[in-house]
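Here the structure is laid out as structure tokens; the discussion comes afterwards.
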Amino acid sequence: MTLKLELSKEEEKIFLQLLDVVRHYRLGTTLRVAGGWVRDKLLGKQPTDIDIALDNITGQDFSEKVDAYLKSIGEGDKKRGTKVIPCNPDKSKHLETAKTYMFDREFDFVNLRSEKYAESSRIPTMEGATPEDDAHRRDLTINSLFFNINDNIVEDFTRRGIDDLIKGLIDTPLDAKATFLDDPLRVLWAIRFAARFNFTLSDRLKEAASEKVKLELACKISKERVGKEIDLMMSGQHPAAAMSYIRDLRLFYTAFAFPKYCNPPIFENCDRSCVSHIESAWNFAVSVHSGDSHPMLLDEQEKLYLYSALLSPLRKMFYLNKKSKEIAVTSYIIEESLKLPACVAKSVLDVYIASGKFADLVLLFESNVASRAVREEVDDACHNIPMDTWKRVYAGVVLNEIKDLWRVALAISIIFSPEVENAGGTLRQQQDELHRRKEQYMRVERSITDLGLSEVWKLEPLVNGNIIMRILQKSESPLIGEWKKRVFKWQLAHPEGSRDDCVDWLTGSQSKRQKVESSI
């Protein structure tokens, strides 16, 4: 099948100038745009990166000739010349690349190459090759296509790339098992691309994810690389689908490795439960902002939301570290198995804690029922807070603790309340329940916003610690800290209160306290 691409005016200008370089220096080079650019153009997307594959000259030599030619015609940039990026196997970069700058864009130039793998390593030995060899050594057929700039045609040397792109199929140019054993990280690449484009994994690719490949993934690939791939999946357009593929290919416990001993132990179908939770969370998020130009969460918040949902079934599990300290299993998986920053693990744990408090808050908003936790937090003898302000006070306290992750915690609380986690029923009943939860989330979010609490943690205190110490005639840090919290609650209960009003309340509270102490 012969295909031609519809080039933009800018792309035409770029390619014509590169051909001028070839003619000017009589290089006889065939220029090919490789991989993702061709794939995305055929899918109707606008790609950004242009990687040029060269058949008879090194990337560095060609890049230098591009620079020299541009300067000779007065279009060079003195501040930018050829930049050589060395190979970096740890980041899956196995070949040196040369970069140059033209038309306000960077371009990569690299040689056509083939790869040979040693049995014990995923880092290949690179050799020069034909376009056919280069196409067949690539990870997936849809990434093996070339655009021949000289002849202005798409080249499909595997004879399957275009067909698989049309079918929406993810497959490897060569035998899938051999491809994955050479570099097991390619299994995760395949899953990520399948989820990204909503494509289907081929049957032979699924079969190739055998016990041997799982072992090689655990042995050959660093946890940092696995974690990076998982994180990219979580940032993609179909993260729940990616996690579903990981489960179906029996790679869940390889990617999300557990500590040796867990309390309680890992339960049966734990992987299925985790994936079910992220699917529920994803469907909920899509439902909440369907038809709305404003997403439920910001990008980084959405990723934390998804991690929190995925690992929610493990939130009560812990293990003992070398110092016999109890550590959450979720923290182990995030920090040790995926090698993600510790702040991610902390945020997920914070979301779990806050989601429990949001359950009480939702009950208070929806049914005017104050749980024991709410009463203990709000019913302070020093405040005498009226019942009609309890919602504002308790909501403010909870949001102040979780800060800008409060929508994440609210959503997790509503999605995974006990009655929902145990809910079954027909598809229609499940859809009705999803709609009910969406409406509940939106009501509570709107109530919090209407109370002016959406950024309550930025509320400036009316009095500082020095004033509190002067009025209470105390300097003990724990006591002052407790009174700072009381001041914060007072401000929540009295949003129109002034600094003088707050001082009067503090002074009155001190008089009461002194009377109580003197009577003891």
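At an R0 of 60 angstrom, the distance between the Cβ atoms of residue 449 and residue 211 translates into a FRET efficiency of 0.70.
In a reduced charge model with +1 at each Lys and Arg Cβ and -1 at each Asp and Glu Cβ, segment 465-518 shows a dipole moment near 180 debye about its Cα centre.
Kindly write out, for segment 272-288 in residue order, the coupling ³J(HN,Hα) from the Karplus curve 6.51 cos²θ - 1.76 cosθ + 1.60 (θ = phi - 60°), rounded to whole Hz, with x marking Gly and Pro. Each residue of segment 272-288 in turn: 5, 5, 4, 5, 4, 5, 6, 5, 4, 5, 5, 4, 5, 4, 4, 5, 5 Hz.
Under 5 Å between amide hydrogens, built in the peptide plane, is the criterion, and for residue 54 it picks out 110, 111, 112 among residues at least 5 positions away or on other chains.
Taking every alpha-carbon pair under 8 Å whose residues sit at least 6 apart, segment 290-457 reaches a relative contact order of 23 percent.
Considering only 491, 511, 480, and ranking their Cα positions along the charge dipole of segment 465-518 that arises from unit charges at the beta-carbon of Lys, Arg, Asp and Glu, the one farthest toward the positive end is 480. Heavy-atom accessible surface of segment 175-255, averaged per residue, reaches 40 Å², computed with a 1.4 Å probe.
The length gained on full extension between residue 46 and residue 10, counted as 0.36 nm times the residue separation minus their Cα-Cα distance, comes to 11.7 nm. The phi torsions of segment 184-190, fed into the Karplus equation with coefficients 6.51, -1.76 and 1.60 and a -60° offset, translate into couplings of x, 4, 5, 4, 5, 4, 4 Hz, rounded to whole numbers, with Gly and Pro shown as x.
Over the chain, what percent of the accessible surface lies on carbon and sulfur atoms, probe 1.4 Å?
After summing per-atom areas, the C and S share lands at 48 percent.
With both labels modelled 7 Å from their Cα along Cα-to-Cβ, the residue 273 to residue 204 distance reads 3.9 nm.
Candidate cross-link partners of residue 484 among the aspartates and glutamates, defined by an alpha-carbon separation under 13 Å and a same-chain spacing of 8 or more, comprise 460, 476. The dipole here belongs to segment 290-457: it is taken about the Cα centre, uses +1 on the Cβ of Lys and Arg and -1 on the Cβ of Asp and Glu, and is about 480 debye. Fully extending the segment from residue 440 to residue 428, taken as 0.36 nm per residue of separation minus the present Cα-Cα distance, adds 2.5 nm.
Could you please put 39, 375 in sequence from largest to smallest accessible area, using a 1.4 Å probe?
375, 39
Mind ranking 175, 108 by accessible surface for me, highest first, 1.4 Å probe?
Correct descending sequence by accessible area is 175, 108.
For residue 357, the aspartates and glutamates whose Cα comes closer than 17 Å to its Cα, not counting residues fewer than 8 places off in the same chain, are 366, 376, 377, 379, 401, 404, 419, 445. Summed over the residues of segment 359-483 and divided among them, the accessible surface reaches 55 Å² per residue at a probe radius of 1.4 Å.
In this structure the amide hydrogen of residue 153, modeled in the peptide plane, comes within under 5 Å of the amide hydrogens of 148, none closer than 5 places in sequence on its chain. The value of relative contact order for the chain, using C-alpha pairs under 8 Å at least six residues apart, is 8 percent.
Extension gain, residue 218 to residue 371, is 50.4 nm, computed as 0.36 nm per intervening residue step minus the present C-alpha separation.
Which one, (i) 25; (ii) 32; (iii) 41, gives percent of Cα pairs over 41 Å apart as derived from the coordinates shown? Label of the calculated value: (iii).
Distant-in-sequence amide contacts of residue 318, defined by a placed amide H-H separation under 5 Å and a gap of 5 or more residues or a different chain, comprise 263, 329.
Treating only the Cβ atoms of Lys and Arg (+1) and Asp and Glu (-1) as charged, compute the dipole magnitude of the chain about its Cα centre; round to the nearest 20 debye.
Magnitude of the dipole: close to 1100 debye.
Total lysine pairs in segment 175-255 at Cα distances under 13 Å, for residues eight or more apart or on different chains: 5.
Label-to-label distance, residue 404 versus residue 167, with points set 7 angstrom from Cα along the beta-carbon direction: 4.6 nm.
Computed packing ranks the peptides 300-311, 459-470 as 300-311, 459-470, most packed first, by mean other Cβ atoms within 10 Å.
The values are calculated or read from the model by the stated rules, or taken from the named source; none is laboratory data. Quick caveat: nothing in here was measured; it's all calculated off a predicted structure. Backbone-built Cβ (ideal geometry, glycine too); neighbour counts: all protein chains shown. The accessibility values were calculated without ligands, DNA or RNA, using every heavy atom of the protein model including side chains. Shrake-Rupley method; radii C 1.70, N 1.55, O 1.52, S 1.80 Å.
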